[in-house]
Amino acid sequence: MWAYESTFYQVYPIGMLGAPRVNESVNGEFNVVNRLSKFNETWINHIKDMGADAIYFCPVFESDSHGYNTRDYRLIDRRLGTNNDFKDLVARLHKAGIRVVIDGVFNHVGRGFWAFLDLLEKRENSKYKDWFFINFNGNSNYNDGLYYEGWEGCYDLVKLNLRNEEVVRYLLDTIKFWIDEFDIDGLRLDVAYLLDRDFLRRMRVFTDSYRQDFFLLGEILGGDYKTIMGDDMCHSATNYECYKGIYSALNSQNLFEIMHSLKRQFGSDSWALYRDKHLLSFVDNHDVTRAASIVDKEEYIVLMYAFIFTMPGIPCVYYGSEWGIKGDKKDGDDSLRPAIETPEWNHITDTIKTFSAFRKNFKEMIYGDFKDILITNKQCAFERSLNGATCICLFNADDKEYTFNIRGKDYIIDSYTAQVIKI
């Protein structure tokens, strides 16, 4: 699977491209604005120069507001442009050697979704009433005169009935439409941990049969990732355990925490959970506080990126964080999803470029076994080995240099530095 060898770049288009946060009409009309054109060659070259060769776009389809409350799965959000505008962008990215994955939001839709609007109008007479979980004797937070199930108490997100064959066929046909129309390479499945498992399996069978290398990434926050990931479901899952472990271990000056998670997930013991899997590794994303705002010391940021590029998994960089912009979840989601006109470059970006190149040049960094060889509170070392080839990854989270003795040889590593040594 191509994705296992890729470096991903994540973009939240509604925020990054400066679109209005609510999809409202102007003087009774909805205007289409091609903001996708802002994702120009400057951005594409920036992504390539950094070492990324795949991009994950958060929602791009017509929605009520933030993208996850879909109105129309087959229409690019008018705040971003037209279907042809997105088709052109995907073509330009492919020409540059960059694969494209988009958000598949299948657990729920927005209140503006056409089938739900039909239900509100026709009630019991709507042919779509079984597409949702409806109680006509109840009421909603919006005083609709009926109750419907929402996503985790959020009633702007109307839960779909993924046990309804019409719904399943509609969504699979939609995926086919996306592949045919836009030539996308995969899907990131929103709240995959809530999706009906039979639906996940049917999606995998369908995508495998339609495009063998079509990538499925599932969002999951905790628990056993294998509940959504395997040969018959998603290829990969979001590694939130190590996301938390990385920043927490650095802030508490306790690298035992992240090393415990890495051994638990990928270690040499038979009980390691995901030794043969490729989880998505990240230091932040559109739902959590930015890396630059969550660390106690700015110097930790480069170490965070060094971890996600050297540990087993698929590294993913969230737009703007590669040069250290800030954003705190407590200030709301908009603070995590700002508009940015042009990319920047600094020492953090240099680190990402260096480790991305190292990962691509040595297959053991992608497919190799993981073995810890040293752990202290402020230092750690592990090796990645494949077919007799080995890379040693050294981390020094102290404010002074540290000497690692590896296989009888000393390596002096500067403060707040990570280094990979090819053995």
Rounded, prolate or oblate: pick one for region 136-194, where a ≥ b ≥ c are the square roots of the eigenvalues of its C-alpha gyration tensor, a/c under 1.5 means rounded, and failing that, prolate if a/b is larger than b/c, else oblate. prolate
Do the alpha carbons of any pairs in Lys263/Lys378; Lys129/Lys159; Lys226/Lys330; Lys38/Lys159; Lys87/Lys326 sit beyond 23 Å of each other, and which pairs? Lys226/Lys330; Lys38/Lys159; Lys87/Lys326
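Just the number please: accessible area per residue for the chain, 1.4 Å probe, all protein chains included, in Å². Don't skip to the end; give the middle numbers.
Details: 16830 Å² over 423 residues.
Result: 40 Å² of accessible area for each residue.
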Can you pull a Stokes-Einstein diffusion coefficient for region 315-423 at 37 °C (0.692 mPa s), Rh from Kirkwood over Cα pairs, as a whole number of µm²/s? 204
With axes computed from alpha carbons, what is the tilt in degrees of helix 165-182 against the longest principal axis of the chain, rounded to the nearest 10 within 0 to 90? 60
Using only the alpha-carbon atoms, how far is helix 240-251 inclined from the longest principal axis of the chain? Give it as 0 to 90 degrees, nearest 10. 50
Quickly rank 117-129, 259-271 as a protection proxy: mean count of other C-beta atoms within 10 Å, highest first. 259-271, 117-129
Tell me, what does the Kirkwood hydrodynamic radius of region 4-136 come to in angstroms if you use every pair of distinct C-alpha atoms? 16.3
Counting only DSSP loop positions in region 360-423, the trypsin sites (Lys or Arg not before Pro) whose Cβ has at most 11 other Cβ atoms within 10 Å are Lys400, Arg407
Across every pair of different alpha-carbon atoms, what Kirkwood hydrodynamic radius in Å does region 32-88 reach? 12.3
If you take the Cα Rg of region 157-241 and divide it by 2.2 N^0.38 Å, with N the number of residues, what do you get? 1.06
Bins of 20 Å, starting at 0 and running to the largest distance - Cα pair percent for the chain: 26, 55, 18, 1
Rounded to the nearest 20 debye, what is the charge dipole size of region 239-282 about its Cα centre when +1 sits on each Lys and Arg Cβ and -1 on each Asp and Glu Cβ? 40
If you project the alpha carbons of region 195-258 onto the principal axes, what extent comes out on each, in Å, largest first? 48, 22, 13
Lysines with Cα under 19 Å of Lys409, excluding same-chain neighbours fewer than 8 positions away: Lys371, Lys422
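The values are calculated or read from the model by the stated rules, or taken from the named source; none is laboratory data. Quick caveat: nothing in here was measured; it's all calculated off a predicted structure. Cβ coordinates were reconstructed from backbone atoms using ideal geometry, including for glycine residues, and neighbour counts include every protein chain displayed. SASA here: full protein model, heavy atoms, side chains in, ligands and nucleic acids out. Shrake-Rupley method; radii C 1.70, N 1.55, O 1.52, S 1.80 Å.
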